[in-house]
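See structure below.
Since every read-out is calculated from the coordinates, none of them should be taken as a lab result. Model, not experiment: these values are computed from the prediction. As a convention, Cβ positions derive from the backbone with ideal geometry for all residues, glycine included, and neighbour counts pool all protein chains shown.
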Amino acid sequence: MTLGSLLSQYSEWFESAALFCGTLLAVSLLGHLVVRPMVSRVVAARNRNNPTLVNALEQYTTVLFVVAAIPLATAAAGFGGLVAGSTMIVAAGTLAVGVAGQDVIGNLVSGLFLVADPDFNVGDYIEWNDEAGTVERIDLRVTRVRTPADEVLTVPNTQLSTNAIRNPFSRGKYRLTERVLVGYDTDLDAATEVILDAASDDDRLASEPAPAVHVTSLGENAIELSARVWVDDPRSANVANVDSAFARRVKRRLQAADVSLAPASQQAVSGTLDVSMEGER
């Protein structure tokens, strides 16, 4: 058998193999050279302090296109019949991998959703269930959160994607509410002016919306006032310090204005009282 006849006999197979390799290479290069840089720029813009996530997504993008290129190349080369013969084996393998790695896959998918969520970012202070902290890093399987006690929580991504998350500082302002108890003999208009003056002395408190004081309750022994102020740029301001400083100023100013704060409750005493005199003859 000559070389020419051999090439003629297997020419169709060689063409299919070349088409398979060409399609596989083209799709893989598309993902690596075109899509991967785009994904990297988008993720890096939203997660500047998380290079681990950026690198991981770059790698996963390349792997995803390689995996997707295999069936595409198989179909383009006409190897569908060969693959169809092993369909049961492929299905059994896929089922085994899916069952064994369902938690990992769930966390992976949840991580991608968290990355795509514009209201969930590295540096955000979040609260969920009975936990709270600042997001430090979003990995593909877990999210790392630093608590106010300086502990690092490794939270599965599925936990954050399936539970309600509170992001109190996600907007440009954050409202603080201070409760003040004053006596019934208090001039409420004067007390309101004192509280508003205390709010105007801190540049960290916003002038818009304007601070406000409302009567929220008429108790048995005291009137409850609620002072509502807004913190500018809560992401950079220490909200706890602003809140504490405002409460201290309100207390000092009201005491200086002779306003009775949290007057003692009156208690009714009933019953009998026996008095004995020592030395009585």
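With 0.36 nm allotted per residue and the present C-alpha distance subtracted, the THR147-SER16 stretch has 41.4 nm of extension available.
Placing pseudo-labels 7 Å out from each Cα toward the beta carbon at VAL109 and LEU181 gives an inter-label distance of 5.3 nm. Sequentially through segment 111-120, phi angles give Karplus couplings (6.51, -1.76, 1.60; θ = phi - 60°) of x, 5, 5, 5, 5, 7, 6, x, 9, 10 Hz, Gly and Pro residues having no value and appearing as x. Highest mean first, the peptides 105-114, 124-133, 221-230 sorted by other C-beta atoms within 10 Å per residue fall in the order 221-230, 105-114, 124-133.
Here's how it looks for LEU176: its modeled amide H is under 5 Å from those of VAL229, TRP230, VAL231, which are all 5 or more places away or on a different chain. Phi angles across segment 22-30 convert, under the Karplus curve 6.51 cos²θ - 1.76 cosθ + 1.60 with θ = phi - 60°, into 3J(HN,Hα) values of x, 5, 4, 5, 5, 5, 5, 5, 4 Hz, Gly and Pro given as x.
Taking a ≥ b ≥ c as the square roots of the eigenvalues of the Cα gyration tensor, segment 111-268 is prolate, since a/c reaches 1.5 or more and a/b is larger than b/c. Backbone amide hydrogens, once placed in the peptide plane, bring ASP124 within less than 5 Å of VAL135, excluding anything fewer than 5 places away on its chain. Could you compute the FRET efficiency for ARG252 and SER40, with r as their C-beta to C-beta distance and R0 at 51 Å, rounded to 0.05? Working from the Cβ atoms, E equals 0.40.
Find how much the distance from ALA262 to SER217 grows on full extension, using 0.36 nm per residue of separation minus their present alpha carbon separation; answer in nm with one decimal.
14.9 nm
Each residue of segment 127-144 is assigned a 3J(HN,Hα), and the resulting list reads 10, 8, 6, 10, 10, 7, x, 9, 5, 9, 7, 10, 8, 6, 10, 9, 10, 9 Hz, derived from the Karplus form 6.51 cos²θ - 1.76 cosθ + 1.60 (θ = phi - 60°), x at Gly and Pro.
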